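Heads up, the thing below is written out as structure tokens.
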Amino acid sequence: MSRMRILVANDDGYLAPGLAALVEACRGLGELDVVAPEQNSSGTSNALTLQRPLSVWTAANGYRYLNGTPSDCVHVALTGLLPQRPDLVVSGINNGANMGDDTLYSGTVAAAMEGYLFGIPSIAFSLSEKGWTHLDTAARVARRLIEQVIALPPVPGAWLLNVNIPDRPYEDLRGLRTTRLGRRHASEPVIRQSNPRGEPIYWIGAAGDAREAGAGTDFHAVAQGHVSVTPLQVDLTDHACLPAWGSWLERAGEGGR
Ligand code: MN
């Protein structure tokens, strides 16, 4: 069997400690390519840069970085930059949790999702608190999980995992749990300030607290000291409500057109 090829990306930028930790975690597991954003691109979701071209540079340590989004990185890597298609895409390790509704905004998840959209098994890793305190814990978890999916592929075809690791010493972890996404309260209000010319400027407020964080959710698992592993899909269709909308269209007289 030919060697595994692993593409490593992130959203915190190519200089982030979490990226270096994930690269080290993958060391020896396959041929590694690193393509990461030049700047911190947290919160850029699945954005692709369409209004200008992208440049790719190689850092002294061999990482490649480009002046675009996390999705750009994986997209460019898969559609022309890399000589071969990777077998696995890993993203992170993010500076802070990506749980519940965060997954919609997360560049870390988006980079992994881009791999998944191209039919490649992909994993996003996030450390639950900002500041990299127990980054080594997250790196050890990442390595174990990557070793396991290589040794024993979980499901056929492409899949996408969102992994959140509690920010605590490795010895204090309580093992892995599969979870569903929780929900957050609405975000805090914007913060209004003035620029030096007296014109109003606005900072997006902090994310809300966990609202749906009961047993079975990612929030709950991490709060209990478990590593949260959420399998994600991309289909946003509200399948449960699809029949109700169909009959609503009929009632509204729009069904026949
Ligand atoms: Mn980030």
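The values are calculated or read from the model by the stated rules, or taken from the named source; none is laboratory data. Everything quoted here is computed from the prediction, not taken from an experiment. Using ideal geometry, Cβ is built from the backbone for each residue, glycine included, and neighbour counts are taken over all protein chains shown. SASA here: full protein model, heavy atoms, side chains in, ligands and nucleic acids out. Shrake-Rupley method; radii C 1.70, N 1.55, O 1.52, S 1.80 Å.
Please list Trp203, Trp132, Trp248 from largest to smallest accessible area, probe radius 1.4 Å, with all protein chains kept in place.
Ranking Trp203, Trp132, Trp248 by accessible area, largest first, yields Trp203, Trp248, Trp132.
Arg184: accessible area at probe 1.4 Å, nearest 10 Å²?
50
Ordering Val8, Val190 by how much accessible area each has at a 1.4 Å probe, largest first, what is the list?
Highest to lowest solvent-accessible surface, that is Val190, Val8.
Want the number for Ala47 to Leu15: 0.36 nm per residue separation, take away the alpha-carbon distance, what's left?
On the way: separation 32, 0.36 × 32 = 11.52 nm, distance 2.07 nm.
Full extension from Ala47 to Leu15 adds 9.4 nm.
What whole number of Å gives the distance from the Cα centroid of region 211-253 to the Cα centroid of region 17-41?
Rounded to whole Å, the Cα centres lie 31 Å apart.
For the chain, what does the helix formula give at 222 nm: sum of -39500 (n - 2.57) over DSSP H segments with n ≥ 4, over the residue count, nearest 500 deg cm²/dmol?
Value at 222 nm, helices only: -7000 deg cm²/dmol.
Per 0.36 nm of contour for each residue apart, how much would the distance between Glu147 and Cys241 grow if the chain were fully extended, relative to their Cα-Cα spacing?
29.9 nm
Need one number: nm distance between label points at Arg27 and Arg183, each 7 Å from Cα along Cα→Cβ, rounded to one decimal.
4.4
Can you give me the three principal axis dimensions of region 16-122 from its C-alpha atoms, in Å, biggest first?
Answer, in whole Å and largest first: 33, 32, 28 Å.
Under a point spin-label approximation (7 Å from Cα along Cα-to-Cβ), what is the Arg192-Asp209 distance to one decimal in nm?
2.6
Quick one: if you take sqrt(5λ) for each eigenvalue of the C-alpha gyration tensor of the chain, what semi-axes come out, biggest first, whole angstrom?
Its equivalent ellipsoid spans semi-axes of 29, 24, 23 Å.
For Asn61 and Val155 in one chain, what is 0.36 nm times their gap in residues minus the Cα-Cα distance, to one decimal in nm?
Gain on extension, Asn61 to Val155, equals 30.4 nm.
I want to verify a result. In a Gaussian network model of the chain, Cα cutoff 10 Å, which of these has the top mean-square fluctuation: Pro121, Pro231, Pro156?
Pro156
Which order do the peptides 106-114, 232-240 take when ranked by the mean count of other beta-carbon atoms within 10 Å per residue, highest first?
Details: 106-114: 29.9, 232-240: 8.4.
Put in order of decreasing packing, that is 106-114, 232-240.
Return one whole number: the accessible area per residue of the chain in Å², for a 1.4 Å probe.
Here the residues of the chain average 53 Å² of exposed surface.
Taking a quarter of the surface of the Cα convex hull of region 139-229, what do you get in nm²?
Details: hull surface 36.8 nm².
Projected over every direction and averaged, the Cα hull of region 139-229 covers 9.2 nm².
For region 105-257, what D do you get in µm² per second when you plug the Kirkwood radius from alpha-carbon pairs into Stokes-Einstein at 25 °C and 0.890 mPa s?
132
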